Each structure stands twice: as C-alpha cells, then as structure tokens.
Amino acid sequence: MAKPSDSYTEDDAPKASKSKVDTSSNTIKVIPLGGLGEIGKNTMAIMCGNDIMLVDAGLAFPTEEQLGVDLVLPDITFLRENQDKIRGLAITHGHEDHIGGIPFILRDVTIPVIYGPALALGLLEGKLKENGLEETTVLRKVKPRQQVKIGCFQVEFIRCTHSIADSFSLIIRTPVGTLVHTGDFKFDFTPVDGEQFDIASLSRAGDEGVLLLMSDSTNTERDGYSPSERTVWAKINEVFSTAPHRIIVTTFASNVHRIRQVLQAAIKYERKVAILGRSMLNLAGIARELGYMTFPDGLLVPVDQLKQLPLDQVVILTTGSQGEPLSALSRIANNEHKQIKIIPGDTVVISATPIPGNERSVANTINALFLRGANVVYGRGAGVHVSGHACREEQKLMINLCKPKFFMPLHGEFRMLVRHAELAVECNVDPENTFVLENGEILEVSKDKAQVTGRVDSGVILIDSSRAFEIDESIVDQRRHIAEDGLVMVAMSIDSNCKLVAGPDVSLRGLILPKGLPAEEFVLKVQEESKRLLEEVASNQQIPKEAMKQQLAMGLSEYFEENVKASPLVQIILNEISSTKSRTRQSTSTREIS
Ligand SMILES: [Zn+2]
Ligand SMILES: [Zn+2]
C-alpha cells in the first residue's frame, strides 16, 4: 500500500483529501513544530478551517550535551489532538531533517496521504518497511509542476536545486492567498543532473501575488552566492589525476550529486569503488534503481576484494564526514577498522563541512589520518565541498521573485532567522510584516494582516534508537551531571525508628578530590557526615522517607561543595529493615527505598 505510485489524478485521490472543503475560513494558521531556532526536525502544520496539511516531518541529531540520545523529534501533541483534521503531508526532499520523523509520527497519528519526490519516497518506503508501517499511509510520487489537492490546499511542486537530487519548493494556494515554502534550496545554475531550478514558476507565483514566503535561512550569514555543485568536479578531477595510491572519499550519505561525481571520476581514471557504511550503500542502491545515478556493473566491488587490486585502482567511498565515532572513517583513522588500514600515500578527501557542534570530532579524525601517513584534502578552501543552501544574494533573489507581503524565515538558528528577516526588509518587505517565530508559535495570516496569536506544545522527544525508547529529559540531565561532576552513592540501612542499623557505605565515581586528600580518608569523612545528617533529619519523626532522602542528598551536596568544591550527583539508598520475631525463628525483611 505504501509503495510509491507514479501517477496521481484527482479521481484516485484518497478519500480523506476529498473531505468537505472549508472555504469560509478567512485566515491561515502556520504552525512550525520544528526547524526554527535550530537546523533540524523541520516539521510544519498549516491549518485552514478544518483542514491541516503538513510540510515535511524531520528529525534532528542530538547536541553534545544530550548524552546517550540518538535522535531528537518534535513534540506532536498538536497533531495528535487534531488528528481528524490532518489531510496529508507534502515532502520537499529526502534529507533526514525533513523525512526522518515520519515513521515516529505514523505510530501515533494517521496521515492519509504523503506526496513527495520519488527519491524521498524511495528512502521513506525503506524506513516504513523497517518499522512495519507500510500499511499506515499512501505514498504518491509527484513530478515537477504537478499540483495536488490536500484538503483546501492546492499544492504545486516546483523543481529547486539542493544537495540531494529531486528537491522541491512548494507553491501552496489557499482560500486566503498563496504561500511559498522554499524547502531547502540554493540557486545552482549548472546542476550536475541538469535539473534546473524552475525560476519561471516562482516568478509566476510572484506576479499572481504571494501572501507569505517561508524561506531557508541556513546560509544567511554568508555573503554572495553558494558555488555550483559542478565546481567540485574540477578539484575531484585533480585529486584523481594525481593521487599515487588509494583514494578515500567521505561525504554525506545522502549527497547523490557528490557521490555521482566521485563515481564518474572513478570511471574516468579506471578505479574500482567500494562503499562503506549502510546509509551510503542504501542510498546508492535506491538512487541507481530510480535512475538518479547510472554506472556500469562491475564498478562497485565488495570491500573484501580490494586487496586483490593495485593501490592506484582503488576508491573507497565512506560515511563518517562528521567524525561520528562509530563511522567507518573514524574507525579507519583510529586503526580500528577490520578490513581497511591507512597506508602511507593514501589520499583522503573530506567532501563535506562539519555541522556546527561536530568541528572537534572532524578535526580529531583528520589529525589521526595525517598521523597514519595519509594526505588529507579538507576544509573550505580546498574546493572539495560546496554548500547546498542559498547564501545572501540567492536569498535576496528568492524574495525578489516572490515579492511576498509577509515573510517568515525558516530552517536556521535564531540569529540566522533574525538576519534573514533583516534581509527581507532590505528587499522591500515591510519590517512590520516579517515574523521571526519560535517552534510552536502560531502565525495567523489573513489577506491583509498577520500576527502571532498563540502557541502549541513544542518540546522535544528524545530517542535512544538502539532500544527504540523515548528518553526522559531528566535522565539526560542526570547523565550530563554525572559526566561533568561524577557520582557519589551513599547506602544506609535503618530501622523503623530511622536509627542506623548498617552503613553508611559510600562509593565515589568520577569525583576529583583536592591534591593530598586520599579517597579512603574522604570516604570516612563522608560516612561521618552522612551519620550526622541522618540523625538531624530523623529527629523529625513525621518526615516521609522520600523527603528524608532528598534532605540527605541536599545536605551532602552542600558538604561536597564546601569541602572539595565539587557538585557530584548524589544518590541516597535507604534500606528500611523491620524485624519480626516468631516462636521458631527470627526473620528479617528488607525494603529498599530508592
Ligand atoms: Zn534541511
Ligand atoms: Zn536538505
């Protein structure tokens, strides 16, 4: 059922999208659930009367502080509570920050139909199958300039250029006016797949009148234009023509254009290619099957066959461009990869820039590669990477083509959104008509007015993907606390009168003590302090056990702060022992309060 179907006509539109169209509404509510104040989890609801359509549903990757968290998703309480109004979802392109949240949403919320480009739907289909969700929705492929009806919204998919093939901007016609959602874009006038940005359609929408433009803010701090993807070819060609031994290239697994160029270079210089990393293998398979890449059989070889080839006939394409510790490239750099070891003379091309927050781990990987004798080609000046997002001049062009009445920057950290709104003012948008929102805020737009009129739940859901668990935020706080300041556990057994029966047992983990203070000596002091605190706290007969533990923990925290200038996480374990005498034996039952 979820297999993407090629053709779409009004007749075979799913029933839900034919529900009674409410044209009486004279306002549109635009509700970003994710993607503002951050780069990631782009998810937007647009509401008109009784109809809600969604644009994208992505995930974000955790920050360094979110220890043990694998994925971050937006809170979808709003969607759950308005389930009956959801008519469908339009996908702009296949990046994880735009489609990665869909399987999680579909577990809770019914989306009757999902429209999107073939490549994005190909990637999504795999995710839905993995999660047993392929029967929960209908996937419909769209072509450039195709129009579909989602409730009262008429959505036109316009070809745009970006770092993944088959990307769209959306022109959304509503009873109130026309909205343009750019998706992620740059203006690449020489795209490697020949698919030109459909500037004419944007311009047409601008002439018809655009009520609200919502535009990608990622590169709003960069002047000028983002160079064309094609400029990377010259540098790749140069590396391939001069590299004496193996060439190892890393890029984003989803960067179809880049992977395609590396494969072309391999063909030109008669090298074989081995792909490392599940996500990259998966994408190459889907992209080839759907016709986004063509290459001869025999170009790709399994990694275990590389040994049989001369070094100057080998290319290794690998994940790990962000220095992810478990990625193939990190393991190669640290000499921990089973099959691939760096040989002096290898050339490694880092064909990506670090996402903010990943700079350190990428730098560590590059250091380790140099240390093992590789020649590493990396960094902005090297010419082996270009951004997939519009810089300031391109953002201006977008605003000028659409000539919107209202402007709302998307897809960026807060300062980027502010800079982008300023840019819109430079391009003649009335300053009163620019809206820098936070996730969850509702922008209500009528023909002649727009304003923030409220907010919906907009928190985050943290996921441990290895166990498919949602993680409570307080647990992540605890992990961070332990990582920064260590952990102290104090266990005591008490009787029903709160008198100490055994203990305190004290264990210190990761706590740094002042020089000259041996741990054994400090443990004795902590035991004394624990006894003293217990007597003090227990003098209040009425105190519940939970409150008692809290007071003990607070007292010890103060003690650590004063005596060793540290604030470890303090864990108190109280065992309450009640003794019952019987005629034949004495039994002891223990109840742990933790
Ligand atoms: Zn994005
Ligand atoms: Zn993207």
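Close amide H pairs (under 5 Å, H built 1.01 Å from N) link Leu36 with Asn439, residues at least 5 positions away or on another chain. Between the stretch 228-266 and the stretch 400-417, the C-alpha centres lie 33 angstrom from each other. Accessible surface area normalised per residue over the stretch 231-382 is 47 Å², counting heavy atoms of protein chains with a 1.4 Å rolling probe. Simple rule: put +1 on each Lys or Arg Cβ and -1 on each Asp or Glu Cβ in the chain, find the dipole, and look at Ile86, Ile46, Val192; the Cα lying farthest toward the positive end is Val192. Positive contributions from Lys and Arg (+1) and negative ones from Asp and Glu (-1), summed over other residues with Cβ under 13 Å from the Cβ of Ile512, come out at +1.
Take every DSSP beta bridge whose two residues both sit in the chain; close to 55 percent of them are antiparallel. With K and R counted +1 and D and E -1, the other residues having a Cβ less than 9 Å from that of Glu221 yield a net charge of +3.
Residues whose amide H comes within less than 5 Å of that of Asp70, counting only those at least five positions distant or on another chain, are Ile463, Asp464, Ser465 (H built at 1.01 Å from N in the peptide plane). Charge tally for Glu521 (other residues, Cβ to Cβ under 15 Å; Lys, Arg +1; Asp, Glu -1): -1. Annotation: aspartates and glutamates with alpha-carbon distance below 17 angstrom to Lys307 (same-chain offsets under eight excluded): Glu270, Asp346. When the trypsin sites (Lys or Arg not before Pro) in the stretch 116-224 are filtered for DSSP coil states and for at most 15 other beta-carbon atoms within 10 Å of their beta-carbon, the remaining sites are Arg145. Could you list, in their original order, any pairs among Lys143/Lys447; Lys186/Lys403; Lys141/Lys403; Lys29/Lys449; Lys29/Lys447 whose Cα atoms are separated by more than 23 Å? From Lys143/Lys447; Lys186/Lys403; Lys141/Lys403; Lys29/Lys449; Lys29/Lys447, over 23 Å: Lys143/Lys447; Lys141/Lys403.
The calculated FRET efficiency for Leu513 paired with Ala483, based on their beta-carbon distance and R0 = 22 Å, is about 0.80. Our coupling estimate for the stretch 70-86, obtained by passing each phi through the Karplus curve with A = 6.51, B = -1.76, C = 1.60 and θ = phi - 60°, is 9, 9, 10, 10, x, 5, 10, 3, 4, 5, 4, 6, 10, 3, 5, 9, 6 Hz, Gly and Pro reported as x.
On the accessible surface of the chain, probed at 1.4 Å, how many percent belong to carbon and sulfur atoms? Roughly 49 percent of what the probe reaches on the chain is carbon or sulfur.
The stretch 478-506 and the stretch 295-368 have Cα centres spaced 47 Å apart. Split the chain at each of the GluC sites (Glu not before Pro) in a DSSP loop with at most 12 other beta carbon atoms within 10 Å, and the longest piece is 337-594. With θ taken as phi - 60° and the Karplus curve 6.51 cos²θ - 1.76 cosθ + 1.60 applied, the whole-hertz 3J(HN,Hα) list for the stretch 443-452 is 9, 9, 10, 10, 4, 10, 8, 9, 7, 7 Hz, x standing for glycine and proline.
Shape verdict for the stretch 231-382, please, from the Cα gyration tensor: rounded (a/c under 1.5), prolate (a/b greater than b/c) or oblate. Judged from the Cα gyration tensor, the stretch 231-382 comes out rounded (a/c under 1.5). Overall, the ratio between the Cα radius of gyration of the chain and 2.2 N^0.38 Å, rounded to two decimals, is 1.17.
Less than 5 angstrom separates the built amide H of Val349 from those of Ile248, Val249, Thr250, Val377, all sequence-distant by 5 or more or on a different chain.
Which shape class, rounded, prolate or oblate, goes with the stretch 94-168 when its Cα gyration tensor gives a ≥ b ≥ c as root eigenvalues, a/c under 1.5 marks rounded, and past that a/b bigger than b/c marks prolate? Oblate, because a/c is 1.5 or more while a/b does not exceed b/c. Dipole check for the stretch 231-382: with +1 at the C-beta of Lys and Arg, -1 at the C-beta of Asp and Glu, and the Cα centre as origin, the magnitude is about 80 Debye.
Taking trypsin sites (Lys or Arg not before Pro) across the stretch 309-382, the ones in a DSSP loop with at most 15 further Cβ atoms lying within 10 angstrom of their Cβ are Lys338, Lys341. With the charge dipole of the chain set up from +1 on Lys and Arg Cβ and -1 on Asp and Glu Cβ about the Cα centre, the Cα lying farthest toward the positive end among the listed residues Val138, Gly486, Val348 is that of Val348.
Remark: the stretch 151-165, residue by residue, has Karplus-estimated 3J(HN,Hα) of x, 8, 9, 9, 10, 10, 8, 10, 4, 10, 10, 7, 7, 10, 5 Hz, where x stands for each Gly or Pro and the curve is 6.51 cos²θ - 1.76 cosθ + 1.60 at θ = phi - 60°.
Note on the chain: with charges restricted to the Cβ of Lys and Arg (+1) and Asp and Glu (-1), its dipole about the Cα centre is near 1240 debye. The trypsin sites (Lys or Arg not before Pro) of the stretch 455-522 that meet both conditions, a loop assignment by DSSP and at most 11 other Cβ atoms within 10 Å of the site Cβ, are Arg467, Lys499, Lys515.
Between the residues Ile150, Pro32, Asn219, the greatest Cα displacement towards the positive end of the dipole of the chain, with unit charges on the Cβ of Lys, Arg, Asp and Glu, is found for Ile150.
The values are calculated or read from the model by the stated rules, or taken from the named source; none is laboratory data. Only a predicted model underlies this, so the values are computations on that prediction, with no experimental measurement involved. No Cβ is skipped: glycine too gets one built from the backbone with ideal geometry, and neighbour counts run over all protein chains shown. Keep in mind that these areas ignore ligands, DNA and RNA; they rest on the heavy atoms of the full protein, side chains included. Shrake-Rupley method; radii C 1.70, N 1.55, O 1.52, S 1.80 Å.
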